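The values are calculated or read from the model by the stated rules, or taken from the named source; none is laboratory data. These numbers come from a predicted model, not from an experiment. With ideal geometry, Cβ positions are generated from the backbone for all residues, glycine too; neighbour counts draw on all protein chains shown.
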Amino acid sequence: MKTSLIAILLLAISQPVLASDRNLEKFITDFDYISRIDMKIDSKELINLLMEGKAQLIDIRFNEEYAAWKVGPALSIPLNELPQRLNEIDKTKVVVTACPHKDRAIIAMVYLRYKGIEAKYLTDGLIGMAENLRGDNAWDFIESIK
């Protein structure tokens, strides 16, 4: 048992470092207070970026959650499908990951940054987004993204 574990570890460390590995290492080693701020976005700022066409919202909840309720122009890519669906992400925009709170959104944001994609997570989650898209705000938002 020890021999096979040692063999696996040796194989793992002998593999070449991939560009995406370097992206994650750079993100972690360069992490500071500015990075901490840069990885976050609140729903008010996101709404403005969506209205300007500068952001893409990725709803990373499970399909059943998305079917139960949706928020605006979000693209549904469940977290467990993200690796297979990277080609659906618009890499020319700020990519914002979201779930009702923020736990899965943070995982998705780190994964996308690992892949070299400029990503942020929605700090107030989809619930905060829904709160900011009520009444006249909803009408203004939908009119602006048509």
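Numbers for the structure displayed
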read-out: Selected residue (criterion: nearest to Asn137 (Cα to Cα)) from residues of the range 46-89 that are acidic (Asp, Glu) and in contact with a strand residue (DSSP E or B) (Cβ under 9 Å, 6 or more places away or on another chain); value: Asp59
read-out: Which listed residue, of Ile34, Ile47, is exposed (fewer than 10 other Cβ atoms within 10 Å of the Cβ), in a helix (DSSP H, G or I), at pLDDT 90 or above and among the aliphatic types (A, V, I, L, M); value: Ile34
read-out: Pair list, Cβ under 7 Å, 6 or more apart: the range 19-38 residue closer than 11 Å to Val110 by Cα and in contact (Cβ under 8 Å) with a residue 40 or more places away in the chain, other residue of a type outside the set (Phe, Trp, Tyr) and assigned to a helix (DSSP H, G or I); value: Asn23/Arg113; Phe27/Arg113
read-out: Enumeration of residues in the range 107-121 that are touching a Lys or Arg at 6+ places or on another chain (Cβ under 9 Å) and either surrounded by fewer than 20 Cβ atoms within 10 Å (Cβ to Cβ) or over 20 Å from Arg85 (Cα atoms) (or both); value: Gly116, Ile117, Glu118
read-out: Residues located in the range 107-135, provided they are charged (D, E, K, R), in contact (Cβ under 8 Å) with a residue 60 or more places away in the chain, assigned to a loop (DSSP other than H, G, I, E, B) and closer than 19 Å to Ile37 by Cα; value: Asp124
read-out: Checklist (1) touching an Asp or Glu at 6+ places or on another chain (Cβ under 8 Å); (2) buried (at least 17 other Cβ atoms within 10 Å of the Cβ); (3) not in a strand (DSSP E or B) applied to Arg104, failing item; value: (1)
read-out: Long-range neighbours under 9 Å by Cβ, at least six apart or interchain, first residue under 21 Å from Lys44 (Cα atoms) within the range 75-101, second polar (S, T, N, Q) and part of a helix (DSSP H, G or I); value: Ser76/Asn63; Ala98/Ser43
read-out: Qualifying residue in the range 115-129 (condition: acidic (Asp, Glu) and touching a helix residue (DSSP H, G or I) at 6+ places or on another chain (Cβ under 9 Å)); value: yes
read-out: Selection status of Ile127, modelled with pLDDT of 90 or more, in contact with a strand residue (DSSP E or B) (Cβ under 9 Å, 6 or more places away or on another chain), surrounded by 13 or more Cβ atoms within 10 Å (Cβ to Cβ) and not aromatic (Phe, Trp, Tyr); value: no
